[in-house]
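Asker: After the structure tokens below, expect a handful of questions from me.
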Amino acid sequence: MKIFKFARVVLTLALLGLVFASGIVWHYSRPARSQHLGEEKIFVVNKGEGSGEIGIRLQKEGLIRHRYAFWAVVGLHHLSGKLQAGSFRLSPNMSLKEIGQTLTKGRLDQWVTIIEGVRQEEIAWQLGREMGIDIQEFLSASQDQEGFLFPDTYLFPQGAGARKVVSIMRDNFEKKTKDLWPQAEKNKLSREQVLILASLVEREAKKDQDRALVAGILVKRWQSDWPLQIDAAVQYAKASQNCPVEKECRWWPVVTKDDLKIISPYNTYENKDLPPAPICNPSLSSIEAVVNYQLSSYWFYLSDRRSQIHFSQTLEEHQANIRKYL
């Protein structure tokens, strides 16, 4: 009998606790304000943010009463895994449920990260997957823009077309590189030459500390009328000849000895001049490395399987490095 009474007390206390907790959640899940109708804010959810960080920032910006209630409502309605990154129009007049649901489907802008060293075709396919942009439209809008599609993390407007996206990327390029061109001119390099060389450096040197030295070797070889002998440029030529744009492709294929005879202005084994255009969209660090290239006694380099670069002054040293590291 005593056990039964104890169980009944425990159950009653549990029910009272549940009612109390529900009351707290209900109180804090109400809109943060009931006046000032129409007052809205643009709230940006960063890539990788979870409901915990989002709730804290929502409370700080006065859009909700308390972060704990937000977490409870998001969990109750199974919204946690559906929250999107991007920008949203929110109001303190909205309930927590309305805010949670808006964060799953009502974004105004979308985060997209374009990595360094990719071709415009790779960007086109990525934007097709992530934003629904027509691939052919993007390639048409980005024609002659290889090298200028600046790698970065962007907040693109939801529903933006190909031309708008290209314009945003090109504007970002101009903004990020504007201070470099006086030094390039001082070094007697045009902007087009800098971008071509930077695209080669981007694909050849994976570590920032190697890039200025690699850039110096390429400039020295080019100005001495030597072939640059860049495998990445041959990769570009090979993929351009073998990859139809209408399907996703292996844009950086393995280069064989036969490929070194490919007939293409991008074949830097057969042609002594620079390629006619950049082979990818380089990072700011690669562009800076070319603008401030480092001259040395080296004429050769190779990258081993761990992306470690080994430099050499003579062909004999270079061939020894090939035997040792490759």
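The values are calculated or read from the model by the stated rules, or taken from the named source; none is laboratory data. Fair warning: this is a prediction, and the values are worked out from it, not measured in the lab. Note that we place each Cβ from the backbone using ideal geometry, even for glycine, and neighbour counts take in every protein chain shown.
Asker: Ser29 is checked against (1) at pLDDT below 55; (2) among the polar types (S, T, N, Q); (3) within 28 Å of the chain's Cα centre (by Cα) and fails just one. What number does that condition carry?
Answerer: Looking at each condition in turn, Ser29 falls short on (3).
Asker: Quick one: which residue in Pro253, Pro244 is at negative phi, at pLDDT below 95 and in contact with a helix residue (DSSP H, G or I) (Cβ under 6 Å, 6 or more places away or on another chain)?
Answerer: Matching residue, one of Pro253, Pro244: Pro253.
Asker: I'm trying to understand the selection: among the residues of region 285-325, which are in a helix (DSSP H, G or I) and either among the hydroxyl-bearing types (Ser, Thr, Tyr) or closer than 13 Å to Lys207 by Cα (or both)?
Answerer: Correct list: Ser285, Ser286, Ala289, Tyr325.
Residues checked against (1) assigned by TED's automatic domain parsing to the domain that holds Gln101; (2) part of a loop (DSSP other than H, G, I, E, B); (3) at pLDDT below 90:
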| position | (1), (2), (3) |
| --- | --- |
| Gln35 | yes, yes, yes |
| Glu39 | yes, yes, yes |
| Lys47 | yes, yes, yes |
| Glu53 | yes, no, no |
| Ile56 | yes, no, no |
| Gln59 | yes, no, no |
| Gly62 | yes, yes, no |
| Tyr68 | yes, no, no |
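Asker: Could you list, in sequence order, the residues of region 105-150 that are assigned to a loop (DSSP other than H, G, I, E, B), free of Cβ contacts under 8 Å to residues at least 40 places away in the same chain and on the phi < 0 side of the Ramachandran plot?
Answerer: Residues satisfying the conditions are Gly106, Ile115, Ile133, Asp134, Ser142, Gln143, Gln145.
Asker: From the set of residues in region 258-290 that are aliphatic (A, V, I, L, M) and closer than 15 Å to Ser240 by Cβ, which is surrounded by the fewest Cβ atoms within 10 Å (Cβ to Cβ)?
Answerer: Applying the first criterion (aliphatic (A, V, I, L, M)) to region 258-290 yields 260, 262-263, 274, 277, 279, 284, 287, 289-290.
In the following step, the residues that additionally are closer than 15 Å to Ser240 by Cβ were identified as 262-263, 277, 279.
Values: Ile262: 17, Ile263: 8, Ala277: 16, Ile279: 27.
Residue satisfying both the conditions and the ranking: Ile263.
Asker: To continue, here is another question. Can you tell me how many residues in region 227-257 are surrounded by fewer than 13 Cβ atoms within 10 Å (Cβ to Cβ), assigned to a loop (DSSP other than H, G, I, E, B) and not hydroxyl-bearing (Ser, Thr, Tyr)?
Answerer: 6
Asker: Do you know which residues across region 173-188 are over 24 Å from the mean Cα position of the chain (by Cα), in a helix (DSSP H, G or I) and either farther than 12 Å from Val290 by Cα or among the charged types (D, E, K, R) (or both)?
Answerer: Pro182, Glu185, Lys186
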